[in-house]
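Remarks on the structure that follows.
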């Protein structure tokens with residue numbers, strides 16, 4: 001099994017569509033099946049998993065999805081690209097534990113991990129509804145990944 005799609009709850013489908021287009025993500029679908037049922041799908045560059053949002057695709061509250069994770073090779077380059085696209089992105093941070101990031105902003109220390117350890121440097125942003133994304137830098141994956 002592999003993760004294929006994450007469904008995002010949004011209030012305004014066209015606003016969400018414009019946001020994800022501005023990130024340079026590939027639009028895979030925009031189908032209006034009938035009134036009240038519309039499916040929009042985007043895939044981040046180099047990803048096998050996609051996101052879907054629209055009308056009638058979830059009962060979750062808009063903005064309730066948190067901790068969606070994107071991995072990048074160079075976090076500074078990825079952050080700069082998001083800022084250039086007009087996205088409000090946090091400053092780079094690492095967690096006080098040196099391992100992963102904690103929920104919300106708890107334990108965040110400024111700047112990338114001091115040793116630039118893989119899996120340890122982050123930035124965050126939200127879509128227009130408040131669905132939360134984390135960017136994580138990984139240059140060399142752990143064995144078996």
Largest-first semi-axes in Å of the equivalent ellipsoid built from the Cα gyration tensor of the chain are 29, 16, 14
Please quote Rg/Rh for the range 5-55 to two decimal places, taking the Kirkwood radius as Rh and restricting both calculations to Cα atoms. 0.95
Exposure proxy check on 76, 46, 55: fewest-to-most Cβ neighbours within 10 Å is 46, 76, 55
Can you sort 15, 108 from fewest to most other Cβ atoms within 10 Å of each residue's own Cβ? 15, 108
Decide, for the range 68-137, between rounded, prolate and oblate: order the square roots of the alpha carbon gyration tensor eigenvalues as a ≥ b ≥ c, take rounded if a/c falls under 1.5, and otherwise choose prolate if a/b is larger than b/c, else oblate. oblate
Working out 0.36 nm times the residue gap between residue 109 and residue 29, then minus their Cα-Cα distance, what length gain in nm do you get to one decimal? 24.9 nm
Sorted by average packing, counted as other Cβ atoms within 10 angstrom per residue and highest first, what order do 19-26, 118-125, 7-14 take? 118-125, 7-14, 19-26
Under 8 Å for C-alpha pairs, at least 6 residues apart: give me the relative contact order for the range 38-145, rounded to a whole percent. 28 percent
Under the helix-only model (-39500 (n - 2.57) for each DSSP H run of 4 or more, divided by the residues of the chain), the mean residue ellipticity at 222 nm, to 500 deg cm²/dmol, is -4000 deg cm²/dmol
Taking the chain as the reference, fit the longest principal axis to its C-alpha atoms, fit the long axis of helix 13-22 to the helix C-alpha atoms, and give the angle between the two in degrees, 0 to 90, nearest 10. 40 degrees
Order of 95, 127 under a 10 Å beta carbon neighbour criterion, fewest first: 95, 127
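Quick note: the coordinates plus some simple rules give every number you see, no bench work behind them. Computed from a prediction, not measured in an experiment: that's the story for all the values here. Cβ coordinates were reconstructed from backbone atoms using ideal geometry, including for glycine residues, and neighbour counts include every protein chain displayed.
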